[in-house]
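Here the structure is laid out as C-alpha cells; the discussion comes afterwards.
The values are calculated or read from the model by the stated rules, or taken from the named source; none is laboratory data. Note that this is a predicted model, so its numbers are computed, not measured. Every residue, glycine among them, receives a Cβ derived from its backbone with ideal geometry; neighbour counts consider all protein chains shown. Surface accessibility is based on the protein's heavy atoms, side chains included, excluding ligands, DNA and RNA. Shrake-Rupley method; radii C 1.70, N 1.55, O 1.52, S 1.80 Å.
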Amino acid sequence: MASGPKRVAVIGGGLTGLTAAWRLHRRGHRVRLFEAGDRLGGAVRSERRDGWLVEAGPNSLQISSTDATAMLDELGLGTKKIAASPAAKHRYLIRGGQLHAVPSSPPALFASRLFSLPAKLRLLAEIFARRREREADPSLAEFVRDHFGQEFVDYALEPLVSGIFAGNPEKLSTRHSFPKLLELERAHGSLLRGQIAQARKRRASGGGGPPQLVSFPDGLQTLILTLADALPADSLVVGAKIETLQPGSPWRFSWQSNGTAQSEEADAVILALPAAALAALRVGADGAQPLAALGEIEYPPVASLFLGFRREDVAHPLDGFGLLVPGREQRPLLGVIFSSTLFPGRAPDGHVALTIMAGGTRQPQVARLPADELLKVVLPDLRSLLDVHDEPVFVRHTAWPHAIPQYNLDYGRFLDAMAAAEKSFPGLLIGGHVRDGISLSACLASGLRLAEQAAMI
C-alpha cells in the first residue's frame, strides 16, 4: 500500500463522483473532477419557482448507514435535513380502479381488499418456508412467486419494481437487483421470518425503525451544491469531454473543454459514469474499448411530470407517500408521488403538488410524449383516482431518455467486464449506479468506497 497524498482524476460529476472527490479532498489528496455536461449532479435536479419546489429526478434520500449520517454531519447538512412527514406514512396500490393502502400488519392485511382471501392465506403461510440455497439466479418475479404467489407478483411486486427500477420483474435479476432477498431466504427460509429477525436485531442493538427518508428545504440539489462548494474551485471541470486514457504509473489523460485540448496525470482514475459513457471510453495507445459491452445495458425512458393544483381542486386527502399502479390496471402511469405531503415547502399555501412518473419498460412510448400530450394522457387517471376537478395551475415536465439501468438476468457479465478492466489497468476504479445500486444512498456509498480504494493505490 502506497503512502502519501495521491493525485486522483474523477470522471463523472453525479453524486457518486462528487462524493468520491469530496472524501479524497477531505483526506488530503489532490482531486480533479471532470463532468462532460454543463451541470453537476446527474439525475439530481431541484428547481424553486413561484413557491413550488420541483424535484425533476429523485425525491428523497434514504439514510441507511452511519457513514451517510457522518457525511451529512461533516458537510454541515445534518441539522438542515428534513425528514419525510408522518402524514406520508401510507403507500397506496391500485386495484380495480380503487386506491388501497398497503397493509402494515396481519389484521390490516385481512381487512384489506387489495388481495383475495387465498392470496392473504398464501402470504401468511410463507412464514413456514424452509431455508434454501439457490444455484441459479432467479428472476425477481420467479423468486417472489415462489414465496407469495402470482397475485402478490401482479399487485405488489410489479408496481413496486416499476416505481423503483421502471422495470420488469420477469427480467430483473434477484441476485443483482435485490440481493438481500436471497440472503434472507438462505438464512431464514421465510422472508417474513427473516424481516422479523432483522427488526429484533436492530432493536436489540439500539437501532430504530426503518431507514429515514430525508431531503432539504431547497431540495436534494442542496447536497450536490454543498459537495461542490466543499471542493477547491480549480478541482471542478465542467463541459470536459475525456478523449484519451493512457494507463501507467502515472496515468495520462486528455480532454477537450471549450474547444481547447488539455492533458494531465494522475495516480488513479475513478469512473463514475452511466453505461453508455463507460462503453465509449477508449483506453490505451490502441484506443481499445474494454467496457464496450456495457452499451448493451437496458436504460428505459421515464418522464416526470410535476403538477401543482389548488387544494380545493383535489378531493383526495393525499395522506401518504403516493400511489403505484400495477401493469394489470392498464393505465399510463407508473405512479404518483404526493410531493407536498412528503416534505414541506413543495407547494404554495392553499395548493398541493403531485409528481407523476410514466414510461419505463412497461410503456416507453408514453415517456417520449411531449409535455402537453402527456398531460392529456394522465389527467383522466388523476381525475378518477384522486378526484382531481380542474386543470393544474403549475406544470413542469422532465424527460429522462435513458433513466435507470436494468439489473436484468444477464447483468453479471457487465459486472465481470468492469472487474476485468480494473484488473487489466491498475489504478482504474469503477462505480456508481451501473455497478453499486441505483438509489441515491447506494451512489453515495459507492463514492465513499471508491475514495477509500483510490487512497490505497
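Between the C-alpha center of the stretch 1-58 and that of the stretch 79-99 there is a gap of 29 Å. Remark: the residue 66-residue 424 segment gains 125.5 nm on full extension, using 0.36 nm per residue and subtracting the alpha carbon distance. Over all projection directions, the Cα-based convex hull of the stretch 221-264 averages an area of 4.1 nm². The shape of the stretch 191-295 can be summarised by an equivalent ellipsoid whose semi-axes, obtained from the alpha carbon gyration tensor, come to 41, 22, 14 Å from longest to shortest. Computed 3J(HN,Hα) for the stretch 71-76, one whole-Hz value per residue from the Karplus formula 6.51 cos²θ - 1.76 cosθ + 1.60 where θ = phi - 60°, is 5, 4, 5, 4, 7, x, glycine and proline marked x. Placing a label point 7 Å from the Cα of residue 384 along the Cα-to-Cβ direction, the residues of the stretch 66-108 whose backbone N falls under 11 Å from that point are 96-98.
Per residue, the convex hull around the alpha carbon atoms of the stretch 172-211 comes to 79 Å³. Taking Cα atoms only, the orientation of helix 191-204 departs from the longest principal axis of the chain by about 70 degrees. Taking the inverse of the mean reciprocal distance over all distinct Cα pairs, the Kirkwood hydrodynamic radius of the stretch 78-143 comes to 15.4 Å.
Given the chain, report the % of alpha carbon pairs whose separation exceeds 34 Å.
Numbers: 38888 of 104196 pairs.
In whole percent, the share of Cα-Cα pairs in the chain beyond 34 Å is 37.
Around the Cα centre of the stretch 276-336, unit charges on the Cβ atoms of Lys, Arg, Asp and Glu (plus for the first two, minus for the last two) sum to a dipole of about 100 debye. Segment residue 233..residue 413, full-extension length gain: 61.0 nm, with 0.36 nm per residue of separation and the alpha-carbon distance subtracted.
Modelled label positions at residue 457 and residue 30, each set 7 Å beyond Cα in the direction of Cβ, lie 1.5 nm from each other. Using alpha carbons only, how many angstrom separate the centre of the stretch 432-457 from the centre of the stretch 385-400? If you average the Cα positions of each part, the centres end up 35 Å apart.
Express in % the proportion of alpha carbon pairs of the stretch 5-84 at distances exceeding 20 Å. Spell out each step's value before the answer.
Values: 1455 of 3160 pairs.
Tail fraction, whole percent: 46.
Across the stretch 53-68, rounded Karplus estimates of 3J(HN,Hα) from the backbone phi angles (6.51 cos²θ - 1.76 cosθ + 1.60, θ = phi - 60°) give 10, 9, 9, 6, x, x, 9, 7, 10, 8, 8, 10, 8, 5, 4, 5 Hz, Gly and Pro being marked x. Taken over the stretch 318-386, the ratio of Cα radius of gyration to 2.2 N^0.38 Å equals 1.15. In the stretch 276-385, Cα pairs under 8 Å separated by at least six residues give a relative contact order of 26 percent. Taking Cα centre as origin and charging only the Cβ of basic (Lys, Arg, +1) and acidic (Asp, Glu, -1) residues, the dipole magnitude of the chain rounds to 1180 debye.
Express as a percent, rounded to the nearest 5, the fraction of DSSP beta bridges in the chain (both residues included) that run antiparallel.
75
Positive end of the dipole of the stretch 245-354 (Cβ unit charges, origin at the Cα centre): among 288, 322, 246, the Cα lying farthest that way belongs to 322.
Remark: spin-label model distance residue 110-residue 395 equals 4.8 nm, labels positioned 7 Å along the Cα→Cβ axis.
Derived scalar couplings between HN and Hα for the stretch 307-323 equal 10, x, 10, 5, 4, 5, 8, 10, 6, 5, x, 6, 8, x, 5, x, 9 Hz in order, rounded to whole Hz, by the Karplus curve 6.51 cos²θ - 1.76 cosθ + 1.60 (θ = phi - 60°), x for Gly and Pro. In degrees, nearest 10, range 0 to 90: what is the angle between the Cα axis of helix 179-188 and the longest Cα principal axis of the chain? With both axes taken from Cα atoms, the answer is about 60 degrees.
Distances between every pair of Cα atoms in the stretch 280-406, grouped in 10 Å steps from 0 to the bin holding the largest one, split as 12, 38, 26, 11, 8, 4, 0 percent. Accessible surface for residue 85 stands near 40 Å², nearest 10, in the context of the full protein assembly shown (1.4 Å probe). Considering all different alpha carbon pairs of the stretch 24-133, the Kirkwood hydrodynamic radius works out to 19.5 Å.
At the listed q of 0.18, 0.26 Å⁻¹, the Debye profile of the stretch 137-208, built from one uniform point per Cα, gives log10 I(q)/I(0) equal to -0.73, -1.14. Expressed as a fraction of 2.2 N^0.38 Å, the C-alpha radius of gyration for the stretch 351-448 is 1.55.
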